[in-house]
Amino acid sequence: MKKFYDFIYWLFMTFCKMLFILSICTTSYVVFCRYILSKTPRWGEQAILICMVYMALISASLAIRTDKHIRVVLIQYVFPSSVREKAMSILHGLSQISIFAFSLFMIIYGFQFTQLMMKSRMSGLGVPNSVLYASVPAAGVCMLLMQSERFILFASKLMGKTIPGYENGLSKE
């Protein structure tokens, strides 16, 4: 199981790196054309926008796996030490469910919104606007995949079991 999720993580990370490189190359080309050739390509801005949106949303799933997403840790100090571990376990479970629900929300409503945008076109690229908005359900699927690993590990911990490869928990890359 760990090898599967490591591969998925690597795949998402590689995709984000490629988008970043493509964004840098496109930006450099647009700047070169604008200031050296005095003619800006119409498609440059939209291409960079698509790269940045996909990269930002897909990389959010990477933060879920490595547990580097934004959260409030201060609340754990509100509980007395006698119930702190139990309360934090409950809050951790609620956060797992919340991320899972948000991922489903992104998939369902992102897909519906993508369908709505099929008929309009991006002016510079000439592709449907749905290409840009498809990043939302795609990111939802990525988040769901990364969250499923966390959910499986959380459930196995509650049952007192250890899954092979996860003896030390998830790696904090």
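No value in this document is a laboratory result; all are computed from the given coordinates. Quantities reported herein were computed from a predicted structural model and do not represent experimental measurements. No Cβ is skipped: glycine too gets one built from the backbone with ideal geometry, and neighbour counts run over all protein chains shown.
Across all Cα pairs in segment 97-151, the calculated P(r) in 5 Å bins from zero up to the longest distance comes to 5, 23, 24, 17, 12, 10, 6, 3, 0 percent per bin.
The modelled label-to-label distance between F4 and A56, using points 7 Å beyond Cα along the C-beta direction, is 3.2 nm.
Over the chain, dividing the summed -39,500 (n - 2.57) contributions of all DSSP H runs of at least 4 residues by the number of residues returns a 222 nm mean residue ellipticity of -24000 deg cm²/dmol. Computed from Cα atoms, the angle from the helix 2-35 axis to the main principal axis of the chain rounds to 30 degrees.
Each 10 Å bin from zero up to the one holding the largest Cα-Cα distance in segment 45-121 carries the following percent of pairs: 14, 33, 27, 16, 8, 2.
The angle between the Cα long axis of helix 84-116 and the longest principal axis of the Cα atoms of the chain comes to about 30 degrees, rounded to the nearest 10.
Rounded to the nearest 10 degrees, the inclination of helix 135-158 to the longest alpha-carbon principal axis of the chain is 10 degrees. Remark: the K68-K39 segment gains 6.2 nm on full extension, using 0.36 nm per residue and subtracting the alpha carbon distance.
If the chain linking E85 and V141 were pulled fully straight, counting 0.36 nm for each residue of separation and taking away their Cα-Cα distance, it would gain 17.0 nm.
Annotation: Cα Rg of the chain relative to the compact-globule expectation 2.2 N^0.38 Å equals 1.31.
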